[in-house]
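Written out below as structure tokens is the structure these notes cover.
The values are calculated or read from the model by the stated rules, or taken from the named source; none is laboratory data. Source: prediction; values computed, not measured. We place every Cβ from the backbone using ideal geometry, glycine too, and count neighbours over all the protein chains shown. Quick note on the areas: whole protein, heavy atoms, side chains included, nothing else; ligands and nucleic acids left out. Shrake-Rupley method; radii C 1.70, N 1.55, O 1.52, S 1.80 Å.
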Amino acid sequence: MSHSAVDVVVVGAGAAGMAGAVALAGLGLQVVLLDEQGSPGGQIYRGITLAPLSRRDLLGPDYAHGNVLAQALASSSVRYEKGAAVWQVTRDHQVSYLRDGRLHTLQAKAVLLATGAMERPFPIPGWTLPGVMSAGAAQILLKSAGLAPSEPVVLAGCGPLLYLLGWQYLRAGVPIKALVDTTRPEDYWRARRHLFAALRAWPYLRKGLELMRSLRSAHIPHYTAAEQLAVEGDEAATALTFTVAGKAQRIESRCVLLHQGVVPNIQFSQSLRARHYWDADQLCFSPVVDAWGELDVPGVFAAGDGAGIGGAQAAALQGELAGLGIAQRLGAIEAGQRDPRAATLRERLALNLRIRPFLDALYQPREENRIPADNVMVCRCEEVTAGDLRKFVALGCAGPNQAKSFGRCGMGPCQGRMCGLTVTEVIAKARGVTAEEVGYYRIRPPIKPITLGELAGD
Amino acid sequence: MSQSTQHALQQREQGVIESDVIVIGGGLVGTAVGYGLAREGADTVVLDQGDDAFRASRGNFGLVWVQGKGHDLPDYSRWTRSSATRWPGFAEALMADSGVDVQLRQPGGFHMCFSDEEMLERQSRLQTLQDALGDYPFQMLDAADLKARLPLIGPTVVGASYTPQDGHVNPLKLLRALHTSAQNKGARFYNGVQVDRLDGSAGEFCVTAGSQRFVAPRVVLAAGLGNPGLARQVGLYAPVAPNRGQVLVSERVRPFLDHPTINVRQTDEGTVQLGDSMEEVGFDDNTSTHVLEAIARRGVATFPLLRDVRLIRAWAALRVMSPDGFPIYQQSATHPGAFVVTCHSGVTLAAAHALRIAPWVMGGAMPDELGVFAGERFLTDKVFSHAH
Amino acid sequence: MRTDPLFQPVMSEVRSTRTVTLSFNDQALEVPAGISVAAALLMSGIHRFRATPVSESPRAPYCMMGVCFECLVEIDGAPNRQSCLIEVADGMRIRSQEGARDLIFQPVSVQAVEVQS
């Protein structure tokens with residue numbers, strides 16, 4: 001295993017990671033940026049440096065903006081290592097990664113975690129069938145390979161990404177069989193509290209409204225307040241069933257795209273035993289960070305969606321802020337120079353985050369799609385159902401870590417990424433306590449799989 | 001929800017919960033004893049901590065291991081073997097009482113040696129045991145013999161010791177089987193309980209946890225690393241301390257290894273477990289890279305084909321270790337009815353805990369072997385080592 | 001088993017001139033260079049990537065970003081590779097991952113390991 005010392009390691013080359021790395025390098029620090037993909041951009045800007053112009057155009061101006069960051073990265077002194085799968089970050093700022101079949105360890109003075117978000121799980125009957133994917137997955141196919149569904153596709157769930165994908169498909173001439181929206185009138189009612197703030201974020205709001213208008217004027221069948229979503233099929237998806245106002249609906253499709261928001265990817269921050277809190281609006285765990293993004297683990301910072309969902313623009317600003325915070329900590333900039341720069345960034349950040357409470361309230365995922373019925377698979381890897389989990393609770397299982405021992409739930413290759421939130425919420429509801437009290441899986445390295453031979457140093 | 005848990009919830013509301021015996025600790029030791037007690041017909045209450053507790057039971061290799069144990073204390077070897085021989089019946093009983101198959105396999109086990117010195121030491125120990133106990137079958141296998149038995153063994157393995165008595169079990173299924181069996185036999189489990197105080201005198205004990213009080217004429221301390229403080233309350237001495245072990249767990253592999261070995265075993269689910277370490281790091285249950293690397297190296301040296309197998313999880317757990325590494329089993333002389341039951345081989349000894357300790361707790365004769373396991377043995381100036 | 005592909009190139013894309021040839025369960029496929037193995041299989045009508053070790057249930061990619069571990073296939077003899085994270089290469093031999101992996105890793109270019117059992 002190779003060992004070397006650097007100033008800062010940034011994990012993740014998405015919006016926050018690129019912005020943070022560039023800011024740090026700009027202040028003269030020695031920065032290594034690690035990312036497991038083959039090109040920068042994370043997920044929001046996935047494939048940005050490789051996308052042909054037509055694809056960039058199709059995906060819209062927000063996506064294209066990622067190129068600015070990518071160019072800044074390319075012209076910086078950041079040592080960017082692509083195809084680097086980070087498998088461990090320690091509290092002593094050691095970062096170990098796998099690249100080209102070999103393990104490397106970097107000793108940093110500070111670490112910036114910019115691991116972004118992942119799709120919230122959508123546990124409904126049949127969600128494990130081939131042909132069911134997340135909307136994000138479909139968007140990645142579009143961004144990274146220029147691929148779209150070959151047959152009329154069903155989009156189901158709620159949230160901006162779902163509608164954005166629909167809009168992108170419209171522009172690409174991809175037929176959408178139906179948009180099955182789980183948003184209900186009471187969601188609008190709940191969101192009205194934040195409408196004033198949302199109006200102050202008019203550019204965002206207008207974009208969203210235009211998007212919805214395009215979808216409507218394309219006469220895509222749009223079902224709202226959809227309940228009891230389920231995917232039909234034996235070996236693969238054949239249809240999506242649901243009810244609207246009690247009336248059963250069934251839409252045949254081999255490709256069902258589900259989405260109900262994104263949540264922070266907290267594998268690293270959890271493995272560091274950093275403090276997390278349960279965000280009652282976004283219904284997920286986020287790391288506790290200070291104004292510069294520092295976790296309660298000294299010298300480890302988090303920025304971007306991995307520290308709390310805020311979108312790409314906010315992520316870039318947070319990345320830069322964390323960069324400033326780290327730089328001052330390492331003596332590359334005085335507080336007196338740092339603070340005015342930071343103040344500007346904070347203003348812009350506040351602007352960008354203005355829309356969030358409205359979106360969080362409006363598109364809060366429905367309980368039945370987060371805390372499923374007994375027969376629904378919760379842990380996909382080990383095939384543990386919600387009913388199994390509830391049995392464990394009846395036997396005395398108090399939390400997710402005991403659930404691991406009771407039934408291997410969370411012990412598969414995905415290390416709880418696909419089931420963690422569901423497990424926490426199912427247990428919390430079964431016990432009649434808060435998600436905060438139940439807590440989350442104990443996450444341990446390797447955060448990404450490595451072979452025994454690689455670890456042994458063969 | 002089981003009837004006994006429902007009943008437990010009802011009683012909880014009333015504030016004082018009575019029973020024949022309280023077991024403090026719901027890990028492998030506590031639930032095994034609790035199951036045994038319930039089988040004896042005792043009205044049993046088991047108190048367990050929350051989800052975040054250290055829980056030695058969750059960090060377990062799953063070996064039902066006899067070979068080499070007690071070479072310096074024959075009663076420990078006898079005690080261990082008494083558990084191993086009872087294990088098959090115990091597993092059947094658990095299956096009948098819980099529906100959970102704990103996947104007990106006792107095909108014999110191997111302890112690999114990587115040098116001639118190790119081989120000699122192994123041989124010496126096992127020979128000592130055979131001399132002391134008489135019936136103690138073992139084999140020393142050289143590289144060729146070993147390759148005939150385990151074709152996938154690596155070229156740097158010099159040899160191994162083998163005894164037919166060794167086996168393994170699924171430790172998590174065991175924990176679940178014990179919980180379920182005990183409850184099905186009427187034991188009442190209380191979870192999320194943090195014991196504040198243990199008071200009592202002969203035949204009358206009271207455990208206080210927040211606003212809850214549990215009273216019984218007998219109490220069993222099976223609280224692992226929580227035992228030292230509790231023991232003091234009832235005239236017992238149980239100086240256990242944490243000892244960290246780290247384990248690597250691989251992705252599932254199609255069956256290739258039936259026999260457990262001391263450092264590598266394939267579970268019934270197909271995952272491969274590799275261990276381990278013995279570290280004095282206090283209450284730190286984090287993994288450490290250099291130890292994991294060493295475990296990986298040893299595993300790959302043992303079975304080279306493992307080099308391409310992917311690591312899915314690594315964990316560390318704190319063993320409940322006494323100064324000499326042997327269990328502490330004792331009934332308090334000053335507070336009769338109070339027992340301490342603690343060890344770091346909760347899987348191997350589970351059968352003995354259920355079938356021999358539990359009857360003793362309820363007033364039966366003390367098993368012969370237990371005389372050497374009193375806590376007072378540590379009240380000397382002697383320097384102890386738990387390395388064996 | 002191949003069926004009509006669930007995904008295809010979007011109309012507005014200029015078709016990539018560079019392609020690679022690879023195989024899935026011994027069936028030859030021609031796919032654009034520069035995309036992930038998962039994307040290549042999906043556009044080639046491969047609907048089922050693996051059978052789960054627990055119950056042999058059919059699975060296919062869900063997240064396309066390395067989080068779900070559903071897209072596992074065997075690539076050039078190495079089992080359980082996350083195909084959404086690996087770029088296609090000419091001559092790649094891909095096989096569906098049928099349950100748990102074998103211990104023995106047989107790289108395509110190396111003689112099979114002989115084991116007496």
Using a 1.4 angstrom probe, figure out how much accessible area segment A:121-260 has per residue, in square angstrom, rounded to the nearest whole.
-> 40 Å²
Coil-residue trypsin sites (Lys or Arg not before Pro) of segment A:78-167, DSSP, other Cβ within 10 Å capped at 16 | A:82, A:91
Expressed as a whole number, the average count of other chain Cβ atoms within 10 Å around the Cβ atoms of A:124-133 is 5
Quick one: if the Förster radius is 45 Å, what FRET efficiency do residue A:2 and residue B:194 give, using the C-beta to C-beta distance and rounding to 0.05?
-> 0.45
Amide H neighbours of residue A:262 under 5 Å, counting only residues 5+ apart in sequence or on other chains, H built in-plane at 1.01 Å?
-> A:120
Sorted by accessible area with a 1.4 angstrom probe, largest first, how do B:97, B:276 fall?
-> B:276, B:97
Could you list the residues of segment A:13-34 with an amide nitrogen less than 14 Å from a label point located 7 Å from the Cα of residue A:92 in the Cα-to-C-beta direction?
-> none
Please work out how much accessible surface residue C:68 shows to a 1.4 Å probe, ignoring ligands, DNA and RNA, in Å² rounded to 10.
-> 0 Å²
Hey, quick one: spin label on residue B:380, modelled 7 Å out along Cα-Cβ, who in segment B:62-97 has an amide N within reach, i.e. under 17 Å?
-> B:72-76
Cross-link pairs beyond the 28 Å C-alpha cut-off, checked among A:247/A:391; A:109/A:143; A:391/B:185; B:69/B:382; A:177/A:247 = A:247/A:391; A:109/A:143
Using θ = phi - 60° and Karplus 6.51 cos²θ - 1.76 cosθ + 1.60, couplings along segment A:92-104 (whole Hz; Gly, Pro as x) | 8, 6, 8, 10, 10, 9, 10, 9, 6, x, 10, 8, 9
Expressed as a whole number, the average count of other chain Cβ atoms within 10 Å around the Cβ atoms of B:355-367 is 0
Between residue B:312 and residues 5 or more places away or on another chain, which pairs have amide H atoms under 5 Å apart, with H built 1.01 Å from N, and which residues are they?
-> B:249, B:250, B:251
The protein assembly as shown - mean residue ellipticity at 222 nm from DSSP helices (-39,500 (n - 2.57) per run, n ≥ 4, rounded to 500) = -9000 deg cm²/dmol
Between residue A:176 and residues 5 or more places away or on another chain, which pairs have amide H atoms under 5 Å apart, with H built 1.01 Å from N, and which residues are they?
-> A:153
Order the peptides B:136-146, A:48-58 from the highest to the lowest mean number of other Cβ atoms within 10 Å of their residues.
-> A:48-58, B:136-146
Shielding of B:186-193 by other chains, given as the mean Cβ count within 10 Å, works out to 2
Both in Å, the radius of gyration and Dmax of the C-alpha trace of segment B:265-364 are 18.6, 58
Which whole-percent values make up P(r) of segment B:129-286 when all C-alpha to C-alpha distances are grouped in 5 Å steps starting at zero?
-> 2, 6, 10, 12, 13, 14, 13, 10, 9, 6, 3, 2, 0
First check a/c for segment A:371-438, with a ≥ b ≥ c the square roots of the eigenvalues of its C-alpha gyration tensor; if it is under 1.5, answer rounded, and if not, answer prolate when a/b is larger than b/c or oblate otherwise.
-> rounded
Which ³J(HN,Hα) values, rounded to whole Hz and listed in residue order, are derived for segment A:221-235 from phi using the Karplus coefficients 6.51, -1.76 and 1.60 in 6.51 cos²θ - 1.76 cosθ + 1.60 with θ = phi - 60°, glycine and proline given as x?
-> x, 10, 9, 10, 6, 6, 10, 6, 5, 7, 9, 9, x, 9, 9
Accessible surface buried once A binds C (1.4 Å probe; total of both sides; Å²) | 3600 Å²
Could you give the distance between the Cα centres of segment A:85-158 and segment C:26-103, to the whole Å?
-> 16 Å
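Under a 1.4 Å probe, what is the accessible area of segment B:148-239 per residue, stated in Å²?
On the way: 3120 Å² over 92 residues.
With the other protein chains kept in place, segment B:148-239 gives 34 Å² per residue.
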Taking a ≥ b ≥ c as the square roots of the eigenvalues of the Cα gyration tensor of segment B:187-259, is the shape rounded (a/c under 1.5), prolate (a/b larger than b/c) or oblate?
-> prolate
Relative counts (whole %) of C-alpha pair distances in segment A:121-260, using bins that are 5 Å wide = 2, 10, 19, 22, 21, 14, 8, 4, 1, 0
Whenever you get a sec, compute what percent of the accessible area on the protein assembly as shown sits on carbon and sulfur atoms (1.4 Å probe).
-> 51 percent
Once A and B are treated as a pair rather than alone, how much accessible area drops out, both sides summed, in Å² to 100, probe 1.4 Å?
-> 3200 Å²
Pairwise FRET efficiency - residue B:115 versus residue A:71, Cβ, R0 = 45 Å, nearest 0.05 = 0.15
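Determine, for each peptide in B:340-350, C:37-47, A:21-31, A:339-349, the mean count of other beta carbons within 10 angstrom over its residues, then list the peptides with the highest first.
B:340-350, C:37-47, A:21-31, A:339-349
Report the net charge of residues surrounding residue B:90, where surrounding means a beta-carbon distance below 12 angstrom and charges are Lys +1, Arg +1, Asp -1, Glu -1.
Overall, the nearby charge balance is +1.
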Gained length - residue B:139 relative to residue B:202, 0.36 nm times residue gap less alpha-carbon distance = 17.8 nm
Could you list log10 I(q)/I(0) for chain A at q = 0.11 Å⁻¹, which the Debye formula gives when each Cα is one point scatterer?
-> -0.90
Table column - 3J(HN,Hα) (Hz), segment A:336-346, Karplus curve with 6.51, -1.76, 1.60, x for Gly and Pro = x, 8, 5, 4, x, 4, 5, 4, 4, 4, 5
Minimum 30 Å² accessible area buried by the other protein chains, segment B:264-287 residues, probe 1.4 Å, relative to alone | B:269, B:285, B:286, B:287
In degrees, nearest 10, the alpha-carbon axis of helix A:420-431 is tilted away from the dominant principal axis of the alpha carbons of chain A by 60 degrees
Low-density loop GluC sites (Glu not before Pro), segment C:24-99, at most 11 other Cβ within 10 Å, DSSP non-H/G/I/E/B, are C:56
Hey, what angle do you get for helix A:160-172 against the long axis of chain A, alpha-carbon based, 0 to 90 degrees rounded to 10?
-> 80 degrees
Percent breakdown of C-alpha pair distances by 10 Å bin, ordered from the shortest bin, for the protein assembly as shown | 2, 11, 20, 23, 20, 14, 8, 3, 0, 0
Segment A:22-67 to segment B:238-317: how many Å between their Cα centroids?
-> 39 Å
If you add up the charges near residue A:48, with Lys and Arg at +1 and Asp and Glu at -1, over every other residue whose beta carbon is less than 15 angstrom from its beta carbon, what do you get?
-> +2
